[in-house]
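The values are calculated or read from the model by the stated rules, or taken from the named source; none is laboratory data. What you see is a predicted model, and the numbers here were worked out from it, not measured in a lab. With ideal geometry, Cβ positions are generated from the backbone for all residues, glycine too; neighbour counts draw on all protein chains shown.
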Amino acid sequence: MTTSLPTPQRLQIAIAAAGSAGLLLGALAFQYLGGLAPCQLCIWQRWPHLAAVLIGVVAVTFGARGLAVLGGLAALTSAGIGVFHVGVEQGWWAGLQSCTAGSISGISASDLLNPAVDVAQVVRCDAIAWSLMGISMAGWNVIASVILAAIWFTAARR
């Protein structure tokens, strides 16, 4: 199938979508191979990347130029959630009650006392599970997402 998008624009969209796919695969590798369970904010940062991958596939396949803006907005959404997450990790502001208080709300007393019931531990959003060069995974997501958004928006301007 031919597309109406110029080749450089298609390539930029493919690179941006592949970048989001790479970030998702990396997060899943940390989770399933590295044993680092994600917190709620980590999960929320993944959804916009999934949307960006899907948008990229549609844009490259069908040549929909306007979708590049949506891909850029998806990447910026992940970056925005990441900025909030970094702020929670650094103590700049309060995080979500569901992942910073160590809450066991919603779990019945009988489940808590029953050794046969596996009650998952709350993964705290304010605890940095992994970092590289002093930057947490949320921080790296912000950096990568902003770069990917720039690629998306560059493709949209062509």
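Counting only helices (runs of 4 or more DSSP H) that sit completely within region 61-123, those holding 1 or more residues that are over 20 Å from residue 135 (Cα atoms) and either at pLDDT 90 or above or in contact with a helix residue (DSSP H, G or I) (Cβ under 9 Å, 6 or more places away or on another chain) (or both) correspond to 67-90, 97-100. Checking each residue in region 127-146 for being in contact (Cβ under 8 Å) with a residue 24 or more places away in the chain, surrounded by 14 or more Cβ atoms within 10 Å (Cβ to Cβ) and hydrophobic (A, V, I, L, M, F, W, C) picks out 128, 129, 137, 138, 142, 144, 146.
Being assigned to a loop (DSSP other than H, G, I, E, B), within 16 Å of residue 130 (Cα to Cα) and within 17 Å of the chain's Cα centre (by Cα) narrows it down to one residue among 23, 28, 36, 41; which is it? On inspection, the qualifying residue turns out to be 36.
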